[in-house]
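Structure first, commentary second.
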Amino acid sequence: MGRTISRRRGRRSQVAGRIAYLRRLALLALLLSLAFAGSAHASSWVAVKGARGPGPAKYDVTHVRIFGPKSAKRVLILVPGYISGAGDFTEIAPDIVKRVPNLQVWAWDRRPNAFEDTSVFAKGDPDRAYSYYLNGGTVDGKTFEPLDPATVPFVRDWGLKLELEDLRTVVLKARDGGRRQVILGGHSLGGSTTAAYAAWDFNGHPGYKDLTGLVLVDGGLLGTFATPSLKRVKQRLTAIRKGNPFEDLLGLGIPWAAGVFTEVATLYAHTKPNEPSVIQQYPLIPPDVRPPVPATNEAALGYAFDASTSPKSLALIQVHAGRLAASGDPRPWQAGELTPLPRLEAGFNSEPGNAVEWYFPSRLRLDVDGANGLDRNAITKFLGLREYHLAQVNIPLYAFETNLTHGRVLRGARRFAAASKVPRTTLVADHGASHLDPLFAAPAKNKFLTTVVPFLKSLR
């Protein structure tokens, strides 16, 4: 009898052990699946020592937000566009790494972002942000003090040369740790920067030799954007030397306004989408971006960004997001086009590393315009631009075009390929998309995403 009881207890113990073992295996599998699923969306914010530039050494640093698995052996670096920051890639970067194995995406933030006081935005409270940035309020014992341009005269020399030297420190860091490939890409002016990097001479070293591919997203050179005359270049440089060194997107004489207005608006839309718009009533908001009727926070944001209602002067920030609803008080937003507003909000509310560069150096814009020819000419000589190696560039090229430039992005890409040794090109157009749609459109509706993924996979 005792032996029978003992055998039964033994079998029960074995069954219990197996159950416990199976439970541990199931838990481990769950944890691994969660880790794998989250790896594409997790990100880290990393400082990268930059080149030695004009001004205090504390500004010789840039940052990247890194998406994708640490074990990845390939890196796609994405450069933001005009008056833009790393937040531009908050949504598209996870979309890409989810679909391209063994890849990280590094979203770059340029050095001028060190001038931004985003301390209250980082707390995520739109009412406190509105009070602090737009209403003279005190938060945690502080009041907002915008950068005085007169205190940073050295920014007048923060041009393309310094930007590319900073970018090269990021490229070289991306090659650390046994990573085999670095692909360089950019949106808008970031696409222009990408083309310039490939042809640039870094003290005898051609930029393209650091890279395995180029990705131009609605940007580029060789006629993609403005081509100034030497006379106009000299006039613009004189104006920079004598005046404000920063761009003023809204024409208010306040360089930081575009960044602050946008982040306050997107923060309200994100946290209080259906409440009456606060930013709509702010007196400095340009009239042509205000809805004609009382709107919700989300609808006011959509009205300012959507291509059907946003003014032509703001084409660089437009998306296809929907329209104002036909009725309601306040009037809500009716979605249904390419870009869901929550994706746009996520990018512009990303901290650290939002989607707007509050203080964008005018010298950088001038130099990028001057580099348009990608060769040695009177303008590049005057500005000190070392575009010497276009003819030798021998890496694959991808270019994507929206309706912004009416065909000039792909025309510039074709000229780039024809003047170089680019072995193959992938050229894609979606003229039903606006300038920011490739970065924020829903994955199922994003032609950029569905075409850049095969290109990236093909780079072996």
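Coordinate-derived values only; no laboratory data. In this text, all values refer to a predicted model and were calculated from it rather than measured experimentally. FYI the Cβ positions are ideal-geometry reconstructions off the backbone, even for glycines, and counts take in every protein chain you see.
Annotations
- Packing, as the average of other Cβ atoms within 10 Å across residues, places the peptides 61-71, 128-138 in the order 61-71, 128-138, highest first.
- Look at where the Cα atoms of segment 150-171 and of segment 62-100 average out, and the two centres are 21 Å apart.
- Under the span-like rule (Cα at least 20 Å along the axis, Kyte-Doolittle mean at least 0.5), DSSP H helices of the chain: 257-271
- In this calculation the C-beta distance from ASP201 to SER229 is compared with R0 = 30 Å, giving a FRET efficiency of 0.80.
- Here's the picture: a label point sits 7 Å out from the Cα of GLN392 along the beta-carbon direction, and within segment 172-194 the residues with their amide nitrogen under 20 Å of it are 172, 182-184, 194.
- Cα gyration tensor, segment 306-348 - rounded (a/c under 1.5), prolate or oblate: oblate
- For the pair segment 220-244 / segment 272-313, the C-alpha centres are spaced 32 Å from each other.
- Cα→Cβ-extended label distance, 7 Å offset, between ALA444 and PHE154, nm: 5.2
- Of the beta bridges in segment 112-246, as assigned by DSSP with both residues counted there, near 45 percent are antiparallel.
- Bridge type composition, the chain - antiparallel percent by DSSP, nearest 5: 45
- Scaled radius of gyration (Cα, divided by 2.2 N^0.38 Å) that the chain gives: 1.10
- FRET efficiency, 1/(1 + (r/R0)^6) with R0 30 Å, evaluated for GLU247 and SER44 via beta carbons: 0.50
- Estimated distance in nm for a label pair at LEU459 and ASN377, the labels positioned 7 Å out from Cα along Cα-to-Cβ: 2.8
- Three-way shape label, segment 113-206, alpha-carbon gyration tensor, a/c 1.5: prolate
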